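The values are calculated or read from the model by the stated rules, or taken from the named source; none is laboratory data. Nothing here was measured: the structure is a model prediction, and the numbers come from that model. Methodologically, a virtual Cβ is constructed for each residue, glycine included, from the backbone with ideal geometry; neighbour enumeration extends over all protein chains shown. These accessible areas exclude ligands, DNA and RNA; they are computed on the full protein's heavy atoms, side chains included. Shrake-Rupley method; radii C 1.70, N 1.55, O 1.52, S 1.80 Å.
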Amino acid sequence: MTRSIQPLFLPCMIAASLGLMLGFFGSLHPAFDSFAHFRVHLAAVTAVLALVLLFSPYRVLALSALVFATSAFSSTTAAMRPPFGMAATAFPIKPADQAVYRLMELNLRYDNAAPEKVLSLIGRVQPDVVTLSEVSEMWEEKLNLLQSAYPNRIMCESRDPRFGVAVLSRRPFADGGEPSCHRLLSLTVTSVDFGGVAVDIGSLHLGWPWPFPQAEQIADLRQPLSTLRDNAILAGDLNSTPWSAAAHDIAEAGGFAIVPSPGPTWIDRRLPHALLFAGLPIDNVFAKGDITVHSIERLEPVGSDHVPLLVEFSLRPQPEEPEDERETATVSREQLRG
């Protein structure tokens, strides 16, 4: 490498490494977390530049940057399913003697030019529950076509009419829980009856990261998320990656575990879908309680700049009450009646 080219690569590698490093301090300030979302991309850029500089007088610095880039990339793999990562544990296999339910998550894109693709996909997959974001006025009219298949629903307008959220359900809403609409937070929650067990289903659309006020929205979400039932699923467009401080703050607020992402779910709509592998995994799912997730996968594109996610899950069976306790409870009820 000639001396005239070396000075061009070195500052670029240092800049990429600096951005990569700042992303690990997202819990200190949301500005740093904005770098975290691009951790994979910054790691790739750093690694490529470091490989080039290995054959220069800066080889020691380049080797250090290469090791750092590799370590930074590996920090994302626990939040991703293969082939994009190596999640810590495999999903449990689907039980043969229990019901397995399906939830579809999708950012519709408020001005989607092909709404029929969305309706067709929902009709073919027939998920039990659908969580949607960017539900604009146009979409409210289109979703009415699913009324017979999904009679139970809640649609919640946002302060921006383009960015409403919704939950559609084939299953009845659970007794004792009123659907809630947090218009200023782009969050809606409703309780759905899954075989006699009430599960809170939430649809969330976070705003863009810093310098936009995403951090303030997350702070305001702590209270409503803390009131969810013990069994709950939250899904939505976070505009944040699953390894970011923003995603972990949402998980902490609701007592959730983050479901490993199946890969990038968003790419700029001006780019071909074939480049989705270079996009960002910003559509995410959280679960807690007796929810056992068995799979999560990306579905075909349907005219949005996001691709749908399909989650399969079951509810862990409750332990049977010991015989002596049941007898004691029966005697107590008879005494009360007497």
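Screening Leu275 on (1) crowded, with 19+ Cβ neighbours inside 10 Å; (2) within 19 Å of Thr241 (Cα to Cα); (3) not basic (Lys, Arg) shows it passes everything except condition (1). Inspection of region 267-286 identifies no residue that is among the basic types (Lys, Arg) and assigned to a strand (DSSP E or B). Consider region 116-135 and keep the residues that are touching an Asp or Glu at 6+ places or on another chain (Cβ under 9 Å) and open to solvent by 10 Å² or more (accessible area, probe 1.4 Å). The one that is farthest from Gly303 (Cα to Cα) is Glu134.
Determine, yes or no, whether Arg109 is at pLDDT 95 or above and either small (Gly, Ala, Ser) or not in a helix (DSSP H, G or I) (or both). Answer is yes for this residue. Among the residues of region 57-110 satisfying the criterion of being free of Cβ contacts under 8 Å to residues at least 24 places away in the same chain and open to solvent by less than 60 Å² (accessible area, probe 1.4 Å), which is nearest to Ala232 (Cα to Cα)? That would be Thr77.
Any residue that is touching a helix residue (DSSP H, G or I) at 6+ places or on another chain (Cβ under 8 Å) and among the aromatic types (Phe, Trp, Tyr) - is there at least one of those in region 91-98?
At the first step, the residues of region 91-98 found to be touching a helix residue (DSSP H, G or I) at 6+ places or on another chain (Cβ under 8 Å) are none.
There is no residue in region 91-98 that is touching a helix residue (DSSP H, G or I) at 6+ places or on another chain (Cβ under 8 Å) and among the aromatic types (Phe, Trp, Tyr).
Contact map, region 289-318: residues that are assigned to a loop (DSSP other than H, G, I, E, B) and basic (Lys, Arg) paired with residues that are open to solvent by 10 Å² or more (accessible area, probe 1.4 Å) and modelled with pLDDT of 95 or more, Cβ distance under 9 Å, separation 6+ or inter-chain. Pairs shown: Arg316/Gly289; Arg316/Asp290; Arg316/Ile291; Arg316/Thr292. Close contacts from region 197-216, counting a first residue that is assigned to a helix (DSSP H, G or I) and a second that is open to solvent by 40 Å² or more (accessible area, probe 1.4 Å), with Cβ to Cβ under 8 Å and a gap of 6+ residues or different chains, come to Gln214/Pro30; Gln214/Trp208; Ala215/Pro30. Checking each residue in region 178-196 for being of a type outside the set (S, T, N, Q), surrounded by fewer than 23 Cβ atoms within 10 Å (Cβ to Cβ) and within 19 Å of Ala253 (Cα to Cα) picks out Cys181, His182, Arg183, Leu184, Leu185.
Part of a helix (DSSP H, G or I), out of contact with any Pro (no Cβ under 6 Å at 6 or more places or on another chain), open to solvent by 70 Å² or more (accessible area, probe 1.4 Å) and more than 27 Å from Trp266 (Cα to Cα): does that describe Leu51? Yes. For region 167-176, state whether one or more residues are of a type outside the set (A, V, I, L, M), under 25 Å from Pro317 (Cα atoms) and modelled with pLDDT under 95. Among the residues of region 167-176, at least one is of a type outside the set (A, V, I, L, M), under 25 Å from Pro317 (Cα atoms) and modelled with pLDDT under 95, which makes the answer yes. Condition check for Ala246 on (1) within 23 Å of Phe163 (Cα to Cα); (2) in contact with a strand residue (DSSP E or B) (Cβ under 9 Å, 6 or more places away or on another chain); (3) of a type outside the set (S, T, N, Q): one failure, at (2).
In a loop (DSSP other than H, G, I, E, B), open to solvent by less than 70 Å² (accessible area, probe 1.4 Å), closer than 18 Å to Leu206 by Cα and not aliphatic (A, V, I, L, M), is that true of Tyr150? Write out each step before concluding.
Working: in a loop (DSSP other than H, G, I, E, B): yes; open to solvent by less than 70 Å² (accessible area, probe 1.4 Å): yes; closer than 18 Å to Leu206 by Cα: no; not aliphatic (A, V, I, L, M): yes.
So Tyr150 does not fit the description; no.
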